Amino acid sequence: MYTLAFALLLLAQIASIAAAGLALIQAWNHRTTGVVLVEKAHLVVSTAFGLASGILLYALVQRDYSLEYVASYTDNALETFYRLAAFWAGQPGSLLFWALAVAISGSLFALTRSYAELPARTRLWYWIFFFAITGFFATLLALWSNPFMQIHPAPQDGRGLNPLLQNPGMIFHPPLLFLGYGGFTVPACVALAQGVCGREGRPWYQTTRVFFITAWCFLTAGILLGAWWAYMELGWGGYWGWDPVENASLIPWLIGTATLHTLIIEQGRGKLTRINILLVSLTTISGFFATFLVRSGIIDSVHAFGQGPVGVPLLVFMAFALLATLLIVLSSERGQGSLENPFSREGALCLTAWIFLILGFIILCATMWPVISRLWSSAPMGLDANFYNRVCLPLATLLLVVMALCPWLSWKLGFKEHKGLVIALAGGLVLAGLAWYLSYEKIHPLVSQFAAGAILLGCLVLAARRLAHKTSFRLGTIGCHLGVALCALGIAFSGPYKLTRDLVLEEGQSAQIDAYEVRLKSAGTGRGPDYEYLRATLEIRDSSGTLVNTVSPEKRAYDKFAGMYFSEVDVASSFGKEVYASVSGLDSRGRIVVQVSIEPLVSWIWVGGIFMSLIPLLNIRARGRADQKSA
């Protein structure tokens, strides 16, 4: 069975290379007679990756430890749900899942009316780029990261899944990222194809609108679920530590989001044609960079797979992809006209895109700093979270201010909706004033709170007008910006105003933190299915003595991960101040040590993330030129 699975990977490789080669020959000779045969190859590739994935899933469910991958990431105690999720727990499985996501995205696109409307020559070039990607994945899996390696004799039990991955957030976080990366390949390949052939008929961003927006939503959801996982599982009380692998997934999102804004200009004004081909291609290439960072071992990270053989092939592929993209962009058609005055909606959209790209460039350079600094230092050092916060947060605040003003600007010059602008700014001032009154007095967060408040109220005004058919803004766009504002408020309060204390308690003792009394109701050890734990049961009471909630965090030691301890945090959830608790251990006198944090408005981040991940899907039915042109 596993020999068959490996043969399927080879079949996907051969079919991709053969189809890409045939398409290239046809395109080079200005023929289109072979386009039907080329199109059929996607069924072979998708079926091969699909069947190979099915075989791996079957092996995981059946606990077939003769397969090295199954033995490495599952064991007899692991629940079926987590055994299935082990598909993407390791490097070979995650690469196979990504390849499957790319193949399925391409096959779905080939079945759409939008694909059928593309000229035959454009379709040929689309398949050249698309099959180059699937062929690379198949080669990577067959030669350097084969998930179907067998071991003899087979062990009676596996090594088990890392306990950090046994969490719903981490289970869904990786596949959502891969679905995002895979979804972006379709618009990138169509954009490059139109860059080669010239635009005939509908432009690529309209042809692939559904795939672009859906991929962006998947990627957004994946990143936010990763933040939620870090908050709920790692035990340090935060949700974003600027870890290199966190940053790597953020870079494609920043470039893709910049593209969304520059596309508004191209849709409405016919400008930035070349720039948008470059940006959508860089979004896909940066997804490969994220994979390179995780799997090459070039950067140390809590999330990384360590050093492996796939780093060099990924680097070579990225270099070729970047070179091909630049050559196509430079030879493609230019957009129409020059950009308008900076103090216009067009200028604000450009500034927004530039801020996203600058953030992406800064994060890229800072993430790679241990590698860059090797050029002049024998002891290179990474940059800590303080650097990212000092540099990136002011830029993010500026971005929020631009977002608050942009809807009220005209396309030519100045503001056109003075009443809406006044209402939005008044909302921001009221929110910032209320925060000041409640003693949240730090200047930088206050500016963010003002901008987020202006965005919130502005979105509500725009939504009301949209529902009354008096504005051209789409509800998906409004809802997404509403989610951004909610996330910004959550970050602006929970980040700078988080309060953390380490409490040393005996049973019955209590301690005060902020406006809460934390009382240790009980503490003790116990045994789980495959781990031992130290548990503290804490009662949380407010200033009036009323019981708010009871939390029971644990510190666990798993049988198969000797010498390692894992936190199982517990949270008294709230849309106001959230109480977060984790167990640190025992002191020399046998008293339990717990870390308790007060996290104001942190839940707003998760609510805002839901808005950002789901509401933009309302826009996928939009066709034709952007509504903003008539705004």
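Brief remarks on what is shown
- Largest-first principal axis extents of the Cα set of the range 1-70 (Å): 52, 15, 13
- Annotation: amide H-H contacts under 5 Å for residue 577 (H modelled 1.01 Å from N, sequence separation of 5 or more, or interchain): 601.
- Order by protection proxy (mean Cβ within 10 Å, highest first), peptides 477-487, 163-173, 526-536: 477-487, 163-173, 526-536
- Set 442/555; 498/521; 555/577; 498/555; 412/442 screened for pairs whose C-alpha atoms are more than 31 Å apart: 442/555; 412/442
- Hydrophobic, long helices, defined as DSSP H runs whose alpha-carbon span along the helix axis is 15 Å or greater and whose mean Kyte-Doolittle value is at least 1.6, occur in the chain at 2-28, 35-61, 311-331, 345-367, 475-494.
- Label corresponding to Cα extents along the principal axes in Å when calculated from the structure given, among [x] 83, 75, 53; [y] 83, 66, 56; [z] 76, 62, 44: [x]
- Euclidean distance of C-alpha centroids, the range 237-296 and the range 14-70, integer Å: 27
- Label sites at residue 202 and residue 84, each approximated as a point 7 angstrom past Cα along Cα to Cβ, lie 3.4 nm apart.
- Spherically averaged projected area of the range 168-285 from its Cα convex hull (nm²): 7.4
- Dipole in debye (nearest 20) - the range 542-589, about Cα centre, beta carbon charges: Lys, Arg +1; Asp, Glu -1: 140
- Across the range 68-143, C-alpha contacts under 8 Å between residues 6 or more apart give a mean separation that, scaled by the residue count, equals a relative contact order of 29 percent.
- Carbon + sulfur, % of accessible area of the range 495-615 - ligands and nucleic acids excluded, 1.4 Å: 49
- Packing-based ranking, highest mean first, of 419-425, 119-125, 260-266, 488-494 given that Cβ atoms within 10 Å are counted: 488-494, 260-266, 119-125, 419-425
- Charge dipole (debye, nearest 20) of the chain; +1 at Cβ of Lys and Arg, -1 at Cβ of Asp and Glu: 2400
- 12 Å beta-carbon shell around residue 123, net charge (K/R +1, D/E -1): -2
- Cα lying deepest toward the dipole's positive end in the chain, options 6, 139, 411, charges on Cβ: 411
- Heavy-atom accessible area order for 289, 320, largest first, 1.4 Å probe: 320, 289
- The slack between residue 111 and residue 512, meaning 0.36 nm per residue of separation minus the straight C-alpha distance, is 138.2 nm.
- Note, ³J(HN,Hα) from phi for the range 587-593, Karplus 6.51, -1.76, 1.60, rounded to Hz, x at Gly and Pro: 8, 5, 9, x, 7, 7, 10
- Geometric descriptor of the range 76-212, per residue, is 122 Å³ (volume of the convex hull of the Cα atoms).
- Cα gyration tensor shape for the range 100-150, rounded if a/c is under 1.5, else prolate or oblate: oblate
- Estimated FRET transfer efficiency when R0 is 56 angstrom, pair residue 326-residue 586 (beta carbons, to 0.05): 0.40
- Alpha-carbon centroid distance for the pair the range 373-398 / the range 439-511, whole angstrom: 26
- Kirkwood Rh and Cα Rg combined as Rg/Rh, the range 417-461: 1.02
- The range 321-464 gives an Rg/Rh value of 1.10, both radii derived from C-alpha positions and Rh following Kirkwood.
- Ordering 616, 487, 153 by Cα displacement along the dipole of the chain toward the positive end leaves 616 in first place; charges were set at the Cβ atoms of Lys, Arg (+1) and Asp, Glu (-1).
- Farthest toward positive dipole pole in the range 27-83 [+1 Lys/Arg, -1 Asp/Glu at C-beta], among 76, 59, 38: 38
- All Cα pairs of the range 481-588, percent lying beyond 18 Å: 56
- In units of the compact-protein estimate 2.2 N^0.38 Å, the range 1-146 shows a Cα radius of gyration of 1.17.
- For residue 239, no residue whose modelled amide H falls within less than 5 Å of its own remains once neighbours fewer than 5 places apart on the same chain are excluded.
- Averaged per residue, the chain has 42 square angstrom of accessible surface, using a 1.4 angstrom probe with ligands and nucleic acids left out.
- Area accessible to solvent at residue 418, 1.4 Å probe radius, in Å²: 110
- By average C-beta atoms within 10 angstrom, highest first, the peptides 40-49, 510-519: 40-49, 510-519
The values are calculated or read from the model by the stated rules, or taken from the named source; none is laboratory data. Quantities reported herein were computed from a predicted structural model and do not represent experimental measurements. Counting neighbours? That spans all protein chains shown, and the Cβs are built from the backbone with ideal geometry, glycine included. For accessibility, only protein heavy atoms count, side chains too; no ligands or nucleic acids. Shrake-Rupley method; radii C 1.70, N 1.55, O 1.52, S 1.80 Å.
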